[in-house]
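Worksheet: one structure, shown below.
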Amino acid sequence: MCRSIKTLRPPAIPDDATEGEIRAAALQYVRKVSGFRAPAAHNREVFDRAVDAVAEATAELLAGLEVRGARAS
């Protein structure tokens, strides 16, 4: 696990994860998997699409998780 990616669900964080937190985690994941901190110009588009896709999947995952013992909103 990439140590830079933090848990984004309660109770690890008190409230719902922000869009910025989700995007930061997605960026760290794509960086880790690709092996690039910043892609070259010829890889920028595919790198950015991957970050968008991972962020979207992460938001969907977090929205669908049911955490036992958590307060109902």
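The values are calculated or read from the model by the stated rules, or taken from the named source; none is laboratory data. In this text, all values refer to a predicted model and were calculated from it rather than measured experimentally. With ideal geometry, Cβ positions are generated from the backbone for all residues, glycine too; neighbour counts draw on all protein chains shown. Accessible surface areas use protein heavy atoms only, side chains included; no ligands, DNA or RNA. Shrake-Rupley method; radii C 1.70, N 1.55, O 1.52, S 1.80 Å.
Side notes on the structure shown:
- Debye, to nearest 20: dipole size of the chain, +1 on Lys, Arg Cβ, -1 on Asp, Glu Cβ: 420
- Each of Ala12, Phe36, Ala53 was scored by the projection of its Cα onto the charge dipole of the chain, and the greatest displacement toward the positive side belongs to Phe36; charges sit on the C-beta of Lys, Arg, Asp and Glu.
- Unit Cα scatterers, Debye sum, the chain: log10 I(q)/I(0) for q = 0.22 Å⁻¹: -0.97
- Surface composition of the chain: carbon plus sulfur atoms hold 52% of the accessible area, using a 1.4 angstrom probe and ignoring ligands, DNA and RNA.
- Modelled this way, with points 7 Å down the Cα-to-C-beta line, the labels at Arg44 and Glu56 are 2.1 nm from one another.
- Among the GluC sites (Glu not before Pro) in segment 27-68, those placed in a DSSP loop whose Cβ has at most 14 other Cβ atoms within 10 Å are Glu66.
- Heavy-atom SASA rank of Val51, Val33 (probe 1.4 Å, accessible area, largest first): Val33, Val51
- Counted charge near Arg49, where neighbours are those whose Cβ lies closer than 14 Å (Asp, Glu -1; Lys, Arg +1): -2
- Applying both filters, DSSP loop and at most 16 other Cβ atoms within 10 Å, to the chymotrypsin sites (Phe, Trp or Tyr not before Pro) of the chain gives Phe36.
- Taking all protein chains into account, the per residue accessible area for the chain stands at 81 Å² (1.4 Å probe).
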